[in-house]
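Below you'll find the structure, written out as structure tokens, and then a few comments.
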Amino acid sequence: MLTRFHAEEFGSVKPLDVPQIVPVIEAAVVRSAKLKQLKLAEQNLNVALSRGAISMAIGLIMGRYRLPADEAFEVLCQYARSQRRRLGEVAAQMISADEEFNIPPKIVGLASKSPDKARN
């Protein structure tokens, strides 16, 4: 605790006017509560986005390897563990890679062709 003796070591100290400080403290408390709410909202959004990415990655694995959802989820989990990365992070990377390298059929010229003609 800062006593008068210690305060004199630091030079002149103005007396504290409590009525002037109270609104500042109240504003700081309100701002702190709002920051906590924003952090919680951010966490909730990140969880929701991660879940969506995981679902999409499961769908990609299901389509590519013709697996049921539970097996595709297990494959995704095993891959994430083998990479020592979070599931949501691996899922997001998988979706990004799929979007980057997935060429729409109309660009290749296969959209109007039947599957048999497209191979020729």
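Using the Cβ atoms and a cut-off under 15 Å, what net charge is assigned to the surroundings of M62, where Lys and Arg are +1 and Asp and Glu are -1?
Value of the local net charge: -2.
The HN-Hα couplings worked out from phi for segment 52-63 by the Karplus form 6.51 cos²θ - 1.76 cosθ + 1.60 (θ = phi - 60°) are x, 5, 4, 4, 5, 5, 4, x, 4, 5, 4, x Hz, whole numbers, x standing for Gly and Pro.
This ranking places I95, I107 by how few other beta-carbon atoms lie within 10 Å of each, fewest first, which gives I107, I95.
Counting neighbouring Cβ atoms within 10 Å and putting the fewest first, the residues V75, V29, V90 line up as V29, V75, V90.
3J(HN,Hα) along segment 32-43, derived from phi through the Karplus expression 6.51 cos²θ - 1.76 cosθ + 1.60 where θ = phi - 60°, amounts to 4, 5, 5, 5, 4, 5, 5, 5, 5, 4, 4, 4 Hz, with x in place of Gly and Pro. Were the residues from V30 through D17 laid out at 0.36 nm apart, the gain over their Cα-Cα distance would be 2.6 nm.
Quick note: the coordinates plus some simple rules give every number you see, no bench work behind them. Everything numeric here is computed off the predicted structure, so don't read it as measured data. Here the Cβ is made from the backbone with ideal geometry for all residues, glycine too, and neighbour counts use every protein chain on show.
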